[in-house]
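One structure is given below, represented as structure tokens, and several questions about it will come after.
The values are calculated or read from the model by the stated rules, or taken from the named source; none is laboratory data. Predicted model, so just to flag it, every value in this text is computed and none were measured. Counting neighbours? That spans all protein chains shown, and the Cβs are built from the backbone with ideal geometry, glycine included.
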Amino acid sequence: MAYDDEEQLEALRHWWARYGRGVVIGLVVALVVVLGYQQWQSWQSRQLAAASADHAAVLAALDQDEVETAANRVAIMQQEHGQTAQAALATLAVAGALVETGAAEQAARQLAWVTDAQAGTALADIARLRQGEALAAAGKTTAALDVLQPLPDGQLRGRFLELQGDLQQMAGDARAAAAAYADALEQTTGQRRSLVEIKLNNLGGAPES
């Protein structure tokens, strides 16, 4: 029996000599990965909490009509929390306030930041639509039309087409505007559809193909 124990012990020594270092390294790597992931999660939580606090501060400033203060806070958010939805939402809110104060071009620049930071998301499409509206308010019709391309799929497509029609009408291209409104009707429901119908009827209805 003792002989068997010595054989097993010797076999264990050989195994450890051959594989022991690799086992230790593997355990250390696994521990580092686990600790690193935990630290990353903790950092992410702190970032989201800070971004949420900044978002609330921006909205509070806008409630007090302190648009410049809100814009300055958003600039910090864009640098420190640029990939968060809170930064994008705060920027959208500030851009809306800037349009109301007549700073449409500044609003368009803010909205362009959202489009880039949130590329491929619904927020990017919302920002692009509002950017087109801001550029239109600034009298930059051609730039606004460029911003709308490519048209998105989904629920916002009708709004994009409607704005495209508005811009083409502003540019003096009634036929193109009517075609855009006709396409918008196919994508629009509810009260908005009635508004698009009025715009189309004012241009004499859908153009003949």
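Can you name the number of the only condition in (1) under 30 Å from ALA50 (Cβ atoms); (2) modelled with pLDDT of 95 or more that LEU167 fails?
(1)
If you check ALA143, ALA180, ALA184, ALA176, which single one turns out to be of a type outside the set (Phe, Trp, Tyr), within 23 Å of ALA104 (Cα to Cα) and not assigned by TED's automatic domain parsing to the domain that holds ARG128?
Exactly one residue qualifies, and that residue is ALA143.
Let's see how each residue does on (1) among the polar types (S, T, N, Q); (2) surrounded by fewer than 19 Cβ atoms within 10 Å (Cβ to Cβ):
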position	(1), (2)
THR91	yes, no
LEU98	no, no
THR101	yes, yes
ALA127	no, no
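Let me ask something additional. Output yes when any residue across the range 134-146 is in a loop (DSSP other than H, G, I, E, B), of a type in the set (Val, Ile, Thr) and surrounded by 14 or more Cβ atoms within 10 Å (Cβ to Cβ), and no when none is.
no
Tally time: how many residues in the range 168-198 are farther than 24 Å from LYS140 by Cα, β-branched (Val, Ile, Thr) and either part of a helix (DSSP H, G or I) or touching a strand residue (DSSP E or B) at 6+ places or on another chain (Cβ under 6 Å) (or both)?
Adding up the residues that qualify gives 1.
Restricting attention to the range 79-122, which residues are hydroxyl-bearing (Ser, Thr, Tyr) and in a helix (DSSP H, G or I)?
If we filter the range 79-122 for residues that are hydroxyl-bearing (Ser, Thr, Tyr), which is where we start, we get 84, 91, 101, 115, 121.
Across the range 79-122, the qualifying residues are THR91, THR115.
Can you tell which of THR115, THR121 is free of Cβ contacts under 8 Å to residues at least 12 places away in the same chain and not assigned by TED's automatic domain parsing to the domain that holds GLN164?
Working: THR115 fails: free of Cβ contacts under 8 Å to residues at least 12 places away in the same chain.
Just one listed residue meets the conditions, THR121.
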